[in-house]
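What follows draws every value from the coordinates through simple rules; no lab data is involved. This structure is a prediction, so every number in the text was calculated from the model and none was measured. Because the Cβ atoms are built from the backbone with ideal geometry, glycine has one as well, and the counts that use them run over all protein chains shown.
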Amino acid sequence: MKVIINKYLSKLTARGLAEEGKPVFLALDAEMASNRPMAEIPSELKSLFDFMNMNSVLYSEPAPFHKKMLDEITTRGEIFGLNSEKVIPEDCETRTFFHDIPIVHEFSAPAMARALSKRKSAILKGGGILSYGVVTPEQAYIAYSSTCFSLLVKYFHDSLRYLLACSRSGRKPDGSFLRAFSEISGLAGNTRALPGPALAGNIPDDEDAIVEAISGAGRAVVEHRLVDSCFGNASFVSAGHIYISQTGSSLDELRTCIDKVPLDGSSSVGITASSELSAHKAIYLQTGRRAILHGHPEFSVVLSMHCGRDCGLRGQCHRACPEKRFAAGYPVVPGEIGTGPTGLANTVPEAMEKGGAIVYGHGVFASGLTGFAEAFRILFKIEQDCRKEYLRLARSLAGIS
């Protein structure tokens with residue numbers, strides 16, 4: 001169990017979500033295991049197992065970048081629209097995975113258990129993030145990672161909305177907010193280089209090569225932080241079949257998590273495939289492309305949610321936005337998982353003319369004509385361009401050079 005705990009702790013620190021030595025990770029197998037000596041574990045965390053049916057619990061103060069955003073969100077209710085009990089981000093992941101993130105005001109097992117009994121994670125006021133797993137420690141890691149993502153999206157989305165409102169009304173933004181935003185946006189301005197070893201740009205010529213190509217592309221997406229926790233998917237089409245990552249699989253561990261699904265629907269093998277299989281299939285059939293990467297890059301998601309209009313559809317934008325919209329020059333479309341009238345299978349393919357499109361509040365679909373090298377370049381460039389455009393727009397509104 002300690003090996004599993006250390007695996008996910010390494011992922012947290014590698015992705016910049018927690019500093020080494022800060023997390024407390026507890027897991028119950030035949031006996032309790034932890035990354036720290038049991039004498040150092042707060043008794044309230046150990047007592048959580050008495051209140052809840054769970055396998056593991058993870059608690060940590062986030063790394064400084066996310067901690068600064070967490071503190072801002074939980075102390076500036078007038079900007080971030082929260083009450084004292086919960087934070088409500090508006091991105092797709094939060095709507096489907098969390099709904100909201102409760103705030104716990106005291107570090108006590110009963111208070112933390114009440115919050116976790118309704119949600120997968122919670123925020124400790126003035127402290128950190130708490131998450132748990134019912135079956136495996138991986139579930140606690142996923143919830144923690146996804147919470148960090150949701151808080152980042154909320155911070156930058158709500159900040160831009162606040163700055164735009166101030167600009168339109170002619171009032172000056174709050175000085176302490178501006179100082180914090182300047183620091184946080186400065187940290188967000190870091191860019192990441194493309195990977196050294198290039199992804200294969202050729203068409204894989206057999207099944208083993210296809211699996212290797214998908215696995216390598218998935219690792220590249222994770223290493224460059226273009227997806228959080230287990231979200232996102234990858235696929236390749238060949239000889240009448242889609243090879244696609246399984247639902248819930250981690251993109252950096254795909255070798256044994258790829259399904260081979262007939263394009264003609266003649267088999268039910270796709271039951272374990274990504275929930276966005278129908279969107280991948282529609283893209284292939286309508287565009288003739290061969291490889292698809294779908295990630296949830298942070299600023300692509302944030303910028304896709306930015307709209308200066310007040311059309312009365314707020315809250316329905318993700319499924320019913322009637323406008324032809326763009327973010328940093330890339331098409332933004334609404335869409336829900338599935339094949340219904342507002343399903344991704346119907347909204348995304350027509351926007352993929354140049355190889356990539358952003359789904360409102362959800363993420364990016366990028367494709368390649370031959371292999372994953374083109375798809376990755378498109379995914380990476382969309383995120384970098386959205387990051388630059390967001391920072392340019394926000395800093396202009398804030399008067400930050």
Checklist entry - By how many nm would the segment from T342 to V135 lengthen if fully extended, with 0.36 nm per residue of separation less the alpha-carbon distance? => result 71.2 nm
Checklist entry - Which of the aspartates and glutamates could a cross-linker bridge to K86, judged by Cα under 17 Å and excluding same-chain residues fewer than eight apart? => result D71, E72, E78, D100, E106, D158
Item to check | Spacing of the two label points (7 Å from each Cα toward its C-beta) at R392 and T272, in nm | outcome: 4.6
Checklist entry - Which length gain, in nm to one decimal place, applies between N202 and N53 when the Cα-Cα distance is subtracted from 0.36 nm times their residue separation? => result 48.8 nm
Checklist entry - Hey, with R₀ at 22 Å, roughly what FRET efficiency would K22 and K46 work out to, going by the Cβ-Cβ distance, to 0.05? => result 0.75
Checklist entry - Can you tell which of R179, R325, R377 shows the greatest fluctuation in a Gaussian network model of the chain with Cα springs below 10 Å? => result R179
Checklist entry - Under a Cβ-Cβ cut-off of 14 Å, what is the net charge of the residues other than I358 that fall near it, where Lys and Arg count +1 and Asp and Glu count -1? => result -3
Checklist entry - Any idea what the relative contact order of the range 24-126 is, in percent, if you count C-alpha pairs under 8 Å spaced at least 6 apart? => result 23
Checklist entry - Using every alpha carbon pair in the chain, what percent of pairs falls into each 10 Å bin from 0 up to the bin containing the largest distance? => result 5, 22, 31, 26, 14, 3, 0
Checklist outcome for this item: The residues H105, H280, H296, sorted from fewest to most surrounding Cβ atoms within 10 Å, come out as H105, H296, H280
Checklist entry - Most fluctuating residue of K281, K324, K46 in a GNM of the chain with Cα springs under 10 Å: which is it? => result K324
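Using R₀ = 41 Å, calculate the FRET efficiency as 1/(1 + (r/R₀)^6) where r is the Cβ-Cβ separation of E183 and K354; round to 0.05.
Numbers: r = 36 Å, r/R0 = 0.87.
So the FRET efficiency works out to roughly 0.70.
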Checklist entry - What nm value, rounded to one decimal, do you get for the distance between N6 and S84 when each label is placed 7 Å out toward the C-beta? => result 4.4
Checklist entry - Of E374, E253, E383, E106, how do they rank once you tally other Cβ atoms within 10 Å and put the fewest first? => result E106, E253, E374, E383
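To the nearest 20 debye, what charge dipole does the chain have about its Cα centre, counting +1 at the Cβ of each Lys and Arg and -1 at the Cβ of each Asp and Glu? Display every interim value, and only then the final one.
Details: 43 positive and 43 negative charges, 248 e Å.
Dipole about the Cα centre, nearest 20: 1200 debye.
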Checklist entry - What does the charge dipole of the range 2-149 about its Cα centre add up to, to the nearest 20 debye, if the Cβ of each Lys and Arg holds +1 and the Cβ of each Asp and Glu holds -1? => result 160
Checklist entry - Pick from G338, G240, G128: which is most flexible by mean-square fluctuation in a GNM of the chain where alpha carbon atoms under 10 Å apart are linked? => result G240
Checklist entry - Going 7 Å from the Cα of A165 toward and past its Cβ, which residues in the range 339-380 have a backbone nitrogen under 13 Å from where you end up? => result none
